[in-house]
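Nothing in this text is a laboratory measurement; each read-out follows from the coordinates by a stated rule. Since the model is a prediction, treat every value here as computed from it, not as a measurement. Here the Cβ is made from the backbone with ideal geometry for all residues, glycine too, and neighbour counts use every protein chain on show.
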Amino acid sequence: MLYDFNRIIDRTGSGSYKYCRLRENFGRTDLLPLWVADMDFETPPFITEAMRRRLDHSLFGYTITPDELWQSIQRWLLDRHGWHVEQDWLTFIPGIVKGIGMVVNCMLKPGERVIIQPPVYHPFRLVPQDNGVEVVMNPLIPHPYTMDFEGLEALARDPRNRLLILSNPHNPVGIVWDRDTLTRVADICSRNDVLVISDEIHADMALFGHRHVPFASVSEAAAQCSITFGAPSKTFNIAGIVSSYAIVPNPQIRERFYGWLCANEFNEPTIFSIIATIAAFTPEGDDWRRQMLAYVEDNVRFVEDFCTRHLPQIHPVRPEASFLVWLDCRDLGLSHDALLDLFINRAHLALNDGATFGPGGDGFMRLNIALPRPVLAQALQQLAEAL
């Protein structure tokens, strides 16, 4: 089946966060929303149909979690990423950002701190801080982006720094971390008793021939010091259904974290989470995913070509994964406020402000390109005219 990603879906009245929160976040509503990381592509029809079939049985009482859910995730991870995961390593979590908060509350002692690698997805900083936990920075080395291993080693040696939150693939830069990089991270963290959360929500969206490497798969040290979070939500545009899962190979970490989840009943998926995940992780789902990624790759090329021809002072960083493009706007020579004014009040576009991602984000904007190309072309044309 061929899917039409040029089709424009009217999200009016659907409660879409990226549309409904424009005034609250940007001060006006007449903006093209290119910020929140969900797609403006229609959720795949085979997922919608699977849920519709269950709706025909109009009784939604307490529901068991079938083995088929875990088996579908196991098959997917093995077939797509070569990672064999045991069923008892898996559990449901009610969202990856929520999962980070749960790990912070369950696994850290008073006074222990969290390491992040900015510029990085801002809840990595906000969630620990809002839970009263201090966050320390191990900034990426830019151009091309790499990890500062010496800085990470120094932080890991400090007994107060007990948790690293890893973005794999990286958001917002779109880096697919290679095996050697992840192995070095695992070696540092394992030797210094640092627990790693590997957020792998963009794992199934590697672009341009890149291949995602699950952190826990690179070595036994990585497996034994890590909690992996994943979900079909980004790949199949079902974030509102909440279908995240955790993978913990280490039995001691698993007993402590999963026991805490179980005690609070946070590990019980909703009925439609189960149905949507099973429907997504199929050969039909993989076919849709491949077509979607090919369209996203063409959107990346479109942005690059447009900027070269019409916006030469804006330099897109080509993502190796995901549908987010990190725009380097520093050659515009604008202050932070002037840059926001350009995008919001002059071009009438809503993008994520790079500064929110921490050190290294000033002068950048994060652009969501998972939308029909005519709308993307309109957005870029508005920006060109504003400049």
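Normalised by 2.2 N^0.38 Å, where N is the number of residues, the alpha-carbon radius of gyration of the range 1-147 equals 1.39.
Ordering Thr308, Thr65, Thr91, Thr228 by the number of other Cβ atoms within 10 Å of each residue's own Cβ, fewest first, gives Thr308, Thr65, Thr91, Thr228. Among beta bridges identified by DSSP and lying wholly in the chain, the antiparallel ones come to about 55 percent.
Mean residue ellipticity at 222 nm, helices only, the chain: -12000 deg cm²/dmol; runs of at least 4 DSSP H residues each add -39,500 (n - 2.57), and the sum is divided by the number of residues. Maximal additional length on extending the Thr12-Asp79 stretch stands at 20.4 nm, based on 0.36 nm per residue less the C-alpha distance. For Asp88 and Glu385, a Förster radius of 56 Å and the Cβ-Cβ distance give a FRET efficiency of 0.50, rounded to the nearest 0.05. Each of the GluC sites (Glu not before Pro) that DSSP puts in a loop and that has at most 15 other Cβ atoms within 10 Å breaks the chain; the longest unbroken stretch is 135-264. Bridges between two residues of the range 59-282, per DSSP, are antiparallel at a rate of about 35%. By a straight-distance test (C-alpha under 18 Å), which aspartates and glutamates pair with Lys98 as possible cross-link partners, with residues fewer than eight away in the same chain excluded? The reachable aspartates and glutamates, counting only those whose Cα sits under 18 Å from Lys98, are Asp38, Asp130, Glu134, Asp199, Glu200, Glu265, Glu268.
Put simply, the Cα atoms of the range 292-387 extend 36, 29, 21 Å along their principal axes, the longest span coming first.
Compactness check for the chain: Cα Rg over 2.2 N^0.38 Å is 0.98. Pair-distance distribution P(r) for the range 59-282, from all Cα-Cα distances in 5 Å bins starting at 0: 1, 7, 15, 20, 21, 17, 11, 5, 2, 0, 0, 0 percent.
Extending 7 Å from the Cα toward the beta-carbon at both Leu2 and Gln378 defines two label points whose distance is 2.4 nm.
Cβ-Cβ distance of Asp30 and Glu220, R₀ of 41 Å, FRET efficiency by 1/(1 + (r/R0)^6): the value works out to about 0.15.
Once the Cβ-Cβ distance of Thr308 and Asp286 is raised to the sixth power relative to R0 = 45 Å, the FRET efficiency obtained is 0.85. Here the gap between Leu59 and Tyr145, fully extended at 0.36 nm per residue and compared with their Cα-Cα distance, gives a gain of 25.8 nm.
With the simple model of a label 7 Å out from the Cα in the direction of the Cβ, Asp67 to His315 spans 5.5 nm.
With 0.36 nm allotted per residue and the present C-alpha distance subtracted, the Glu153-Thr270 stretch has 38.1 nm of extension available.
When Ser167, Ser58 are ordered from fewest to most other Cβ atoms inside 10 Å of their Cβ, what list results?
Details: Ser167 24, Ser58 6.
Final ranking by Cβ density, sparse to dense: Ser58, Ser167.
Label-to-label distance for Arg160 and Asp298 is 5.3 nm, based on points extended 7 Å past Cα in the beta-carbon direction. Loop exposure criterion: chymotrypsin sites (Phe, Trp or Tyr not before Pro), DSSP state outside H, G, I, E and B, at most 12 other Cβ atoms within 10 Å. Applied to the chain, the longest stretch between such sites is 63-387.
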